[in-house]
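Data first, discussion second: the structure below is written as structure tokens.
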Amino acid sequence: MLDDESAVLEAAQKTEIDSSQVDRVLHAARTWRHRLQSEAEQTSAIAALVDRVELKSDGIKVSIKLSIAGAEKSPSQLSDHVAIARLFPMQLKRRGVELRLIVGDHNRSAAIVDLPLLKAIARAHRWFDELSTGKAKSLAAIATREGLAVRYVGRLIRLAFLAPEIVESIVEGRQATTLTAEALTRRVELPLSWCSQRTALNLE
């Protein structure tokens with residue numbers, strides 16, 4: 001909200017901040033942005049900024065009060081803070097047994113990294129490396145070691161063949177919210193080179 005300086009200035013006008021205070025308002029917005037990016041100050045900054053959060057049928061309305069440090073009141077300046085409000089689109093989306101709150105782009109996970117999915121991809125790459133280098137004799141050996149079903153290991157190892165751009169989007173949290181490890185294993189097709197090596201790698 002504070003990155004949008006046009007919206008900040010528009011809110012300042014509505015709050016009847018004097019035009020001579022424009023630079024002070026923008027400086028305050030930048031200062032608060034830096035505080036929000038600081039791990040040490042983030043919590044206290046949010047507590048100081050957020051005035052109200054309203055849950056509506058079509059989204060979440062967040063209202064903040066941007067304090068203008070050192071502002072002097074005058075007849076034309078009725079406040080020492082700027083009130084800014086914004087509605088963020090939102091919906092509830094079910095992923096298997098999980099119910100997730102999606103804010104913003106409903107086709108993405110609001111840049112939230114899916115750690116279980118990342119872990120599944122990492123395991124798939126590790127297992128495939130073990131098979132291709134001979135460190136593991138078969139899927140059955142991996143399944144026994146991990147305490148998992150052979151069929152599950154066979155499905156999960158398909159994730160080792162995801163295109164780099166797909167993996168990149170998952171690392172950055174830009175994948176669709178419906179893109180789960182289970183969904184991917186059902187959609188990923190093993191390359192012909194892999195199928196022709198099954199006997200050599202003793203995957204049965």
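Can you name every residue in region 14-27 that is within 16 Å of R86 (Cα to Cα) and either open to solvent by less than 90 Å² (accessible area, probe 1.4 Å) or free of Cβ contacts under 8 Å to residues at least 12 places away in the same chain (or both)?
Result: T15, single match.
Could you list, ordered by first residue, the pairs with Cβ atoms under 6 Å in which the first is in region 31-46 and touching a residue at least 60 places away in the same chain (Cβ under 8 Å) and the second is surrounded by fewer than 14 Cβ atoms within 10 Å (Cβ to Cβ), at least 6 apart or interchain?
Filtered contacts from region 31-46: no entries.
Filtering region 111-154 down to residues that are under 12 Å from the mean Cα position of the chain (by Cα) and open to solvent by 50 Å² or more (accessible area, probe 1.4 Å), which residue is modelled with the lowest pLDDT?
Per the criteria, the residue is A111.
Name the residue, out of S44, S79, S63, that is among the polar types (S, T, N, Q), part of a loop (DSSP other than H, G, I, E, B) and either surrounded by 13 or more Cβ atoms within 10 Å (Cβ to Cβ) or at pLDDT 85 or above (or both).
S79
Of the numbered conditions (1) under 30 Å from T180 (Cβ atoms); (2) modelled with pLDDT under 70; (3) open to solvent by less than 80 Å² (accessible area, probe 1.4 Å), M90 fails exactly one; give the number of that condition.
Against the list (1) under 30 Å from T180 (Cβ atoms); (2) modelled with pLDDT under 70; (3) open to solvent by less than 80 Å² (accessible area, probe 1.4 Å), M90 comes up short only on (2).
Quick one: which residue in E165, E172 is open to solvent by 40 Å² or more (accessible area, probe 1.4 Å), closer than 30 Å to Q91 by Cα and free of Cβ contacts under 8 Å to residues at least 40 places away in the same chain?
That would be E165, the only listed residue that is open to solvent by 40 Å² or more (accessible area, probe 1.4 Å), closer than 30 Å to Q91 by Cα and free of Cβ contacts under 8 Å to residues at least 40 places away in the same chain.
(1) farther than 25 Å from P89 by Cβ; (2) small (G, A, S); (3) open to solvent by 80 Å² or more (accessible area, probe 1.4 Å): which one isn't true of S6, the others all being true?
Unmet for S6, out of (1) farther than 25 Å from P89 by Cβ; (2) small (G, A, S); (3) open to solvent by 80 Å² or more (accessible area, probe 1.4 Å): (1).
The values are calculated or read from the model by the stated rules, or taken from the named source; none is laboratory data. From a predicted model like this one, the values you see are computed outputs, not experimental measurements. Here the Cβ is made from the backbone with ideal geometry for all residues, glycine too, and neighbour counts use every protein chain on show. What goes into the accessible areas is simple: the full protein's heavy atoms, side chains included, and nothing from ligands, DNA or RNA. Shrake-Rupley method; radii C 1.70, N 1.55, O 1.52, S 1.80 Å.
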